[in-house]
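Right, one structure below, let's go through it.
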Amino acid sequence: MNIFIHIGYSKTGTSLLQKKIFPNITETRYLGKFISKNFSESEIILNKLHSDIILMDNIEFNKNKIKIFEYLNKLDNLKKNILISDENFLCSQINTLDRNIKWERTIERLYSLYSNIGNVIFVCVFRNQSELIKSLYMQLAINWKSIYDLSLDDLINNFKEDKDIIKINK
């Protein structure tokens with residue numbers, strides 16, 4: 001069995017893929033964002049646990065690892081492959097501005113979970129970086145304008161200097 005893990009990036013058409021393409025791939029069980037109302041309880045819980053993997057400390061992760069295996073075993077084996085998609089696996093540090101979240105740790109966790117049951121293949125979609133910065137800034141400006149007063153230059157300089165955005169709150 002192949003386990004495809006789509007890790008991002010955000011702002012590369014991921015919502016379209018997650019809503020329209022991934023759920024319709026034949027012989028593949030989609031376990032990712034924008035899951036259908038028709039999903040089983042196990043699929044819904046697995047989806048939530050995948051999201052939580054990003055935030056869990058090591059103790060929580062080790063406890064939940066067992067839960068994930070239990071829910072995987074409850075899934076029927078009619079599908080040959082599994083596809084998991086969440087751009088936050090790769091971009092959660094940027095999207096949450098939480099410096100304690102490390103994408104490397106998330107990728108290692110996903111690999112450790114799924115390499116025991118199949119061939120893990122990571123999938124990543126890229127976008128022109130200058131367009132990505134502008135799009136990311138627009139998202140930040142809309143979502144966090146009330147919290148952070150950032151210009152595009154502030155945002156770019158912050159990432160260049162690896163500063164904590166909270167410290168440049170005006």
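The values are calculated or read from the model by the stated rules, or taken from the named source; none is laboratory data. In this text the structure is predicted, and so the values were computed from the model without any measurement. Neighbour counts are summed over all protein chains in view; Cβ atoms, including those assigned to glycine, are modelled from backbone coordinates with ideal geometry. The accessibility values were calculated without ligands, DNA or RNA, using every heavy atom of the protein model including side chains. Shrake-Rupley method; radii C 1.70, N 1.55, O 1.52, S 1.80 Å.
Here are a few things to note about the model shown:
- Between ILE21 and LYS80, the distance separating the two model label sites (each 7 Å from Cα on the Cα→Cβ line) works out to 2.0 nm.
- Nearest-10 value in Å² for the accessible area of ASP86, using the 1.4 Å probe: 10 Å²
- Packing-based ranking, highest mean first, of 106-115, 18-27 given that Cβ atoms within 10 Å are counted: 106-115, 18-27
- Most to least accessible of SER40, SER130 (protein chains only, probe 1.4 Å): SER130, SER40
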